[in-house]
């Protein structure tokens, strides 16, 4: 190739960089358009509610958790706002005609670990922790401080038939649905001293939300998944569904209940940082046994961090890939990699060096959403910011990219729309 040809090739790459982010392989951002200004959910008033921190939905009603309370929206218009004790972080859930919440404020860091076991790290410490429950009309059922004395991050609640449950530290805390009376604080520790220390170092950073099932609850801590009854009594726990080892995995997304199955994403931990992979499995709730499990190993340095289920498909994103599986049997339908699915700043996992490179979620918000036709994924737009990559749910083909202002903190399906939470507010996109 002569010099002129080389220059032409280099120029072509530079020109294509503008739209394709370089000549790298994989799926590219080729059709980027800004989020319409009309998409802003005008019913959310940051002056009244403070900064939004989480989303939940029930039917076509969207609930926004924020510093000062919870706002209910329908088609972007405000139904009601309920003021709550101020909180730096508000996590919420919705279901069965109820809205559950937790609130806490970051106040420092605490060293965790055991120097004799060569395990050390730090965990955020929270103060002013409160929990509570509203009805669907925004009326308060109860508000209280948690019964336990833990100062670690607290999850959104799982709402059962007679009780609600929160993950905090290394315990599942269960309260009466009717009046918030404490019922149980059940340990989610297992596997001996070393595993207990690693669990504490890893799990207290971003506790996963528990899931309700037939009045009882599922939750996880590091590589162990737990099944509790409605009163917080442990029914079963597993560190091996044919895929886990005591120290080799960390559950990074889920549990998610759908169509009579529990779905969980796990990530591999390794000492060299080069062999991480993603594992997805479906569990039969009645027998607490694996229905199917699949392994995806291609990233080299990332595990799965987000999961969405729609239209008979299970969508799992890692920091660099998006994979679709058949919900019924785990067969891989398609897998995508490239700049268009590279993680946004809050999506995916990071690795803590608590004796091993253990994956933990970067944040509690879900950064993937889906319906029967499309998948919406928070992605990086390089130096220009962040966006939402929209793909065909059937075959993963690229549709478009919607650029947004601010950092994307969460995506939530609500009716026939996708709610988008960023550091600047809330929008609805269809």
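The values are calculated or read from the model by the stated rules, or taken from the named source; none is laboratory data. Bear in mind that the values here come from a model prediction, so they are computed numbers and not experimental data. We place every Cβ from the backbone using ideal geometry, glycine too, and count neighbours over all the protein chains shown.
Of the listed requirements (1) under 27 Å from residue 66 (Cα atoms); (2) over 16 Å from the mean Cα position of the chain (by Cα); (3) outside any strand (DSSP E or B), residue 363 misses just one: (2). Do we have any residue at all in region 180-202 that's assigned by TED's automatic domain parsing to the domain that holds residue 108, on the phi > 0 side of the Ramachandran plot, more than 23 Å from the chain's Cα centre (by Cα) and modelled with pLDDT under 85? Yes: one or more hits. Taken over region 313-332, residues that are free of Cβ contacts under 8 Å to residues at least 40 places away in the same chain, touching a strand residue (DSSP E or B) at 6+ places or on another chain (Cβ under 8 Å) and more than 19 Å from residue 366 (Cα to Cα) amount to 4. In region 66-86, which residues are buried (at least 23 other Cβ atoms within 10 Å of the Cβ), under 20 Å from the mean Cα position of the chain (by Cα) and without any contact (Cβ under 8 Å) to a residue 60 or more places away in the chain? Scanning region 66-86 gives a single hit, 66. Within the bounds of region 268-279, is there any residue that is outside any loop (DSSP other than H, G, I, E, B), at pLDDT 85 or above and under 20 Å from the mean Cα position of the chain (by Cα)? The answer is no; no qualifying residue exists. Residue 399 meets each of the listed conditions (1) over 21 Å from the mean Cα position of the chain (by Cα); (2) assigned to a loop (DSSP other than H, G, I, E, B); (3) farther than 27 Å from residue 262 by Cβ apart from (2). There is at least one residue in region 358-367 that is modelled with pLDDT of 90 or more and buried (at least 24 other Cβ atoms within 10 Å of the Cβ).
In region 100-151, of all residues being more than 18 Å from residue 166 (Cβ to Cβ) and assigned to a loop (DSSP other than H, G, I, E, B), the one that is modelled with the lowest pLDDT corresponds to 118. One residue stands out among those in region 225-246 that are closer than 13 Å to residue 283 by Cα and outside any loop (DSSP other than H, G, I, E, B): the one that is modelled with the lowest pLDDT, which is 238.
Answer with yes or no whether residue 426 is modelled with pLDDT of 95 or more and within 27 Å of residue 67 (Cα to Cα). The answer is yes for residue 426.
Inside region 152-165, residues that are at pLDDT 95 or above, crowded, with 24+ Cβ neighbours inside 10 Å and not in a loop (DSSP other than H, G, I, E, B) make up a count of 4. Scanning region 42-75 for residues being at pLDDT below 95 and under 20 Å from residue 407 (Cα atoms) gives a total of 1.
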